[in-house]
Amino acid sequence: MICKDIYCAAKSSFYCIYKICKMISLLLTIIGLTFLSTLLTAAACRTAGVAMREVALGAGKAVFRYGIFSIRCIPVSGSVSCWQSQDLDADEAALRGSALYENQPRLVQAMIILSGNLGLIALALLLAGSEGWDAFISGFSEFISGALNPELNGVEYLQSAQSYISTHRWLNYLPLVAAKAAAWNLLPLSALNGGQIIMMLLSPGKVLKSLFHKYSSILLMVMLACWLFALFRWLYGH
């Protein structure tokens, strides 16, 4: 009886470690795609002639810098910071003029914001065709329904992802992850590209912009907390 209990405990622990390893593989893929999206955004800025202040890979404190590029200690995101007139004195602002992001036409601003996601969608379509597009479209509802019901939907989506990763090669699930990452980043939340488009459209209305930023930031934190709960339940409850 004791041996059986030890065997069951060891089997459960091994399976938990196996799932964690698979999720680490997925996490590393997401990090790589995030960095790719950031670099594509930087390339779009360069193409449009927009003056960049910093291209940051990751979040938190910078551990390495080279020119405008920096690598930060928490590799969970990326950002491109452009020079704004408020960052410069009057002479410098006049000198940079058309190179300032705020002076670009809205269409150019929108293309810069969306460039990283368009690159991920293109990657998904190139490697997976219609399956990549379907993964992109379904990504919106999955992220929302998984947050609304993490106990059921969130765990189910994580289990489906783990099963797919376990039975397919990296190149098979890479485009699907790229499509899901693009869908996530296009959700209408201020910290994401979808929200940045809305912020751009609300730029003349400072009150509306402030309210949108405040409440969408709270909503994002709630969604992330729900998905973390789903991850915990998937790892230890199933």
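Rg and Dmax of the chain over Cα atoms: what are they, in angstrom?
In order Rg, Dmax, the Cα atoms of the chain give 20.8, 81 Å.
Provide the per residue accessible area, probe 1.4 Å, for region 98-164, rounded to a whole number of square angstrom. Mind showing how you got there, number by number?
Details: 3360 Å² over 67 residues.
Ligands and nucleic acids excluded, the figure is 50 Å² per residue.
For the chain, set up a Gaussian network in which alpha carbons nearer than 10 Å are linked by springs, and say which option among 202, 57, 26 fluctuates the most.
Of 202, 57, 26, the most mobile in the Gaussian network model is 202.
Picking from 144, 109, 25, whose Cα lies most toward the positive end of the charge dipole for the chain (charges on Cβ: Lys, Arg +1; Asp, Glu -1)?
Of the options given, the answer is 25.
What nm distance separates the two modelled labels at residue 68 and residue 224, each placed 7 Å from Cα along Cα→Cβ?
Modelled inter-label distance: 2.6 nm.
Rg to Rh for region 112-236: what is it, with Cα atoms only and Rh by Kirkwood? Kindly include the intermediate steps, with their values, before the conclusion.
Details: Rg = 15.9 Å, Rh = 15.5 Å.
Result for region 112-236 is an Rg/Rh of 1.02.
Of the accessible area of the chain, with the probe set at 1.4 angstrom, what percent is carbon plus sulfur? If you can, show how the numbers build up before the last one.
Working: 9520 of 13850 Å².
Carbon and sulfur together cover 69 percent of it.
Assigning unit charges at the beta carbon (Lys, Arg +1; Asp, Glu -1) and nothing else, what dipole magnitude in debye, to the nearest 20, does the chain show about its Cα centre? It would help to have the intermediate numbers written out before the result.
Details: 17 positive and 12 negative charges, 82 e Å.
With Lys and Arg at +1 and Asp and Glu at -1, about 400 debye.
For the Cα atoms of the chain, what angle does the longest principal axis make with the long axis of helix 130-148, in degrees from 0 to 90, nearest 10?
Compared with the principal axis, the helix lies near 80 degrees.
The values are calculated or read from the model by the stated rules, or taken from the named source; none is laboratory data. This is a predicted model, so every value here is computed, not measured. Ideal geometry is used to build each Cβ from the backbone, glycine not excepted, and the neighbour counts take in all protein chains shown. Side chains included, ligands, DNA and RNA excluded: accessible areas come from the protein's heavy atoms. Shrake-Rupley method; radii C 1.70, N 1.55, O 1.52, S 1.80 Å.
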